[in-house]
1. From the residues T201, V159, S65, which one has its Cα farthest along the dipole of the chain in the positive direction, the dipole being from +1 and -1 charges on Cβ of Lys/Arg and Asp/Glu about the Cα centre?
2. Any idea what the relative contact order of the chain is, in percent, if you count C-alpha pairs under 8 Å spaced at least 6 apart?
3. Residues with beta-carbon under 10 Å from that of I226, excluding I226: net charge, scoring Lys, Arg +1 and Asp, Glu -1?
4. Rounded to the nearest 5, what is the percent of antiparallel bridges among the DSSP beta bridges in the chain?
5. To the nearest 0.05, what FRET efficiency results for W152 and A303 with a Förster distance of 25 Å applied to their C-beta separation?
6. So if I place +1 on the C-beta of Lys and Arg and -1 on the C-beta of Asp and Glu, and nothing else carries charge, what would the dipole magnitude of the chain be about its Cα centre? I want it in debye, nearest 20.
7. Here are a few candidate values for semi-axes √(5λ) of the Cα gyration tensor in Å: [x] 47, 30, 19; [y] 51, 31, 14; [z] 32, 24, 18. Which one was actually calculated from the structure I just gave you?
8. Taking the Cα centre of the range 171-308 as the origin, how large is its charge dipole in debye, to the nearest 20, when only Lys and Arg (+1) and Asp and Glu (-1) carry charge on their Cβ atoms?
Amino acid sequence: MADKIKVALVGIGKIAVDQHVPSIAASSDWTLAATVSRSGTVDGVPAYTDIHTMLADRPEIKVVSLCLPPVPRFAYAAACLRAGRHVMLEKPPGATLAEVYALKALARDAGQTLFATWHSRMAKGVQAAKAALAGKTIESGHIDWKENVRQWHPYQDWVFEPGGLGVLDPGVNALSILTEILPTPIHLESATLHTPANRQTPVQADVKFLNGITASFDWLKEGSQIWEQRFSTTDGTTVELLEGGNRCIVDGDEQPLTELGEYPALYALMSLLVRSRTSDVDLSPMVHVSDIMTLAHRKTAPAFEWSS
């Protein structure tokens with residue numbers, strides 16, 4: 001068996017602790033060799049507060065996984081690539097499309113792997129839905145992606161700052177699934193964004209795409225959270241993706257699921273990319289977010305406070 005790959009995890013916040021750390025620990029491909037964070041640490045793992053110090057001190061660490069918010073991520077990713085490290089980007093891969101294209105070119109020129117991850121694409125029912133829709137023509141579809149920001153991003157003000165995306169931060173997860181499973185590309189027709197009077201990014205979005213596909217995104221959902229997509233094709237096939245893509249129902253029948261969960265599957269793919277020195281940088285979900293931000297009508301919503 002090949003030696004485990006040493007990885008440094010940068011940005012030890014909720015997503016890193018909840019998803020990245022346990023996925024790395026459970027993998028036969030990886031070992032967590034260092035962390036970089038202003039405050040967070042992982043027990044038993046050498047901790048740094050500065051990315052440049054870590055890169056200088058730990059030349060044996062060949063992979064860096066970036067979990068910090070998207071706005072500062074470019075500088076970290078560029079520094080890692082220039083230092084000869086492979087880079088894994090948490091979603092969305094950057095604050096702008098242009099900066100991710102720049103990183104892609106930098107990785108190519110440096111001969112390093114760059115992986116722009118979309119964890120929801122790895123949900124267990126996604127590939128079954130993709131297979132069911134292959135070669136078919138979509139007649140209609142609808143996405144309901146509704147969750148509570150206070151539960152999933154408690155007191156993380158960056159999500160409401162420029163570059164934080166607001167409700168499109170979880171919404172891009174739905175769009176990453178959509179762009180994976182549809183047999184042909186689509187583009188935006190119209191959208192409406194509802195932004196709190198005291199914030200910079202929206203808490204609700206209503207979206208209409210080509211081919212009769214619509215989406216409703218809500219970041220203020222109390223009670224049961226909803227992550228669902230439903231499609232009908234011109235030949236009468238119906239496909240439902242439920243529980244964030246972890247259940248797939250085709251024409252009323254439950255479909256077999258893939259084995260790995262979302263983040264374990266991402267690290268398994270990153271291992272293959274690193275060992276083959278290839279990159280995976282698909283920006284189609286981010287393109288849709290950019291289009292929504294460009295084309296949407298704006299409406300002012302009530303002020304948002306963390307304590308409701």
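Bear in mind that the values in this text are calculations on the coordinates, not laboratory data. All of these numbers come straight from a predicted model, not from anything done at the bench. Heads up, the Cβs are rebuilt from the backbone with ideal geometry, glycines too, and the neighbour counts pull from every protein chain shown.
1. Among T201, V159, S65, the one farthest towards the positive end of the dipole of the chain is S65.
2. The value is 20 percent.
3. Net local charge, I226 excluded: -3.
4. 50 percent
5. My answer for the efficiency is 0.80.
6. Once rounded to the nearest 20, the dipole reads 840 debye.
7. Of the labelled values, this structure produces [z].
8. That gives the range 171-308 a dipole magnitude of about 600 debye.
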